[in-house]
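Below is one structure, written out as structure tokens; the observations come after it.
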Amino acid sequence: MDSRDLRIIFAGTPEFAAVHLRALLDAQLQIVGVYSQPDRPAGRGQKLAMSAVKQLALQHQLPVFQPERLRSPEAQAELAALRPDLLVVVAYGLILPQAVLDIPRLGCINSHASLLPRWRGAAPIQRAIEAGDPESGVTVMRMEAGLDTGPMLLKVHTELSPAETGGSLHDRLALLGSRVLVEAISGMAAGTLQGEVQNDSLATYAHKLDKRAATIDWQRPASELDRLIRAFNPWPLAHARWQNQPLKIWAAEPVSAEGNPGQVLECSKNGLVVACGQKALRLTRLQLPGGKPLAFSDLYNARRDQFAVGLMLGNGQ
């Protein structure tokens, strides 16, 4: 069977998922319905905003469905009425009960931003960088009731660079994942994919991101804080305290220096060197309260007296 003959429902919400949906549309696959989370308040005005997936779907005149949950008989009947051959899920954000998984003729598949079973859960991209993994990737798996536990169908690998950020890896995995997803759908249509059972003993849970996870503790080694800063760029952003105000840290690099954790050891256009539990970090891009992210060289020119050697930075909170 040709993959373009499949009746496909796509379920996803953020930009990562929208990149995948765009690839399916470019491949001229038949999308009979798009599911996305309900519109949520966003921005300073807290106005209701459509998800990236919904915006793309409407641009292509695709029917959009936004149930709060999929456990009600009404929501399941609405989905079944679309007569899907396959349900494709990418960062949807809602749990799919077994009754939904059983509806599509060929089942449900998911594009997950991890080399499963390494990182299961909500934030595999950031947790891989934070943990210092040498590589990451995307796994397309057949979905089952457990959290990211289904048989693996296809994988794509990518090495992580020493300068990798959550943002750069997100963008790369979105593109890699969208390509391998199209390949997986072709394999599903042809019946040629054989699933590989995951080894549960190798699984780690990728906890959901929040601002507390990005708190800087200067007692920790510089190498760990470097990974944390990169992992949580661009969100939720690592943060410390400067003159009893929040200080957001966009970029830094480990350096060989020693001192009391949190103490400024060097201040120049090259950056602000702050002692850690082991070695030190050179902070090169910062954001002060109410301001924009700036290279430290710009802050140094404007506020040189406020970033003097000996100043103590506090832990984030």
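Can you go through Gly93, Gly121, Gly107 and tell me which one is touching a strand residue (DSSP E or B) at 6+ places or on another chain (Cβ under 9 Å), within 19 Å of Ile185 (Cα to Cα) and touching a residue at least 12 places away in the same chain (Cβ under 8 Å)? Give the steps one after another, and end with the answer.
On the way: Gly93 fails: within 19 Å of Ile185 (Cα to Cα); Gly121 fails: within 19 Å of Ile185 (Cα to Cα).
Going through Gly93, Gly121, Gly107 in turn, just one is touching a strand residue (DSSP E or B) at 6+ places or on another chain (Cβ under 9 Å), within 19 Å of Ile185 (Cα to Cα) and touching a residue at least 12 places away in the same chain (Cβ under 8 Å): Gly107.
Just the residues that are of a type outside the set (A, V, I, L, M) and in contact (Cβ under 8 Å) with a residue 40 or more places away in the chain, please, taken from the stretch 166-182. Let's see the steps before the verdict.
The initial filter retains those residues of the stretch 166-182 that are of a type outside the set (A, V, I, L, M), namely 166-168, 170-172, 177-179.
Correct list: Gly166, Gly167, His170, Gly177, Ser178, Arg179.
Restricting attention to the stretch 76-114, and to residues there that are under 17 Å from Leu153 (Cα atoms) and among the polar types (S, T, N, Q), which single residue is farthest from the chain's Cα centre (by Cα)?
Checking each candidate, the answer is Asn110.
Just wondering, is there one or more residues in the stretch 81-90 that are assigned to a helix (DSSP H, G or I) and within 21 Å of Ala122 (Cβ to Cβ)? Steps first, answer last, please.
Start the filter on the stretch 81-90 by keeping residues that are assigned to a helix (DSSP H, G or I), which leaves none.
Looking through the stretch 81-90, none of the residues is assigned to a helix (DSSP H, G or I) and within 21 Å of Ala122 (Cβ to Cβ).
Counting just the residues of the stretch 239-252 that are in contact with a Leu (Cβ under 7 Å, 6 or more places away or on another chain) and without any contact (Cβ under 8 Å) to a residue 60 or more places away in the chain, which one comes out farthest from Ala163 (Cα to Cα)?
Residues of the stretch 239-252 in contact with a Leu (Cβ under 7 Å, 6 or more places away or on another chain): 239-242, 247-250, 252.
Now drop any that are not without any contact (Cβ under 8 Å) to a residue 60 or more places away in the chain, which leaves 248-250, 252.
On the way: Lys248: 18, Ile249: 15, Trp250: 12, Ala252: 10 Å.
Across the stretch 239-252, the extreme among qualifying residues is Lys248.
Every number in this text was worked out from the coordinates using simple rules, so none of it is lab data. Please read these numbers as outputs of a predicted model, since none were measured by experiment. Neighbour counts run over all protein chains shown; Cβ positions are idealised from the backbone, glycine included.
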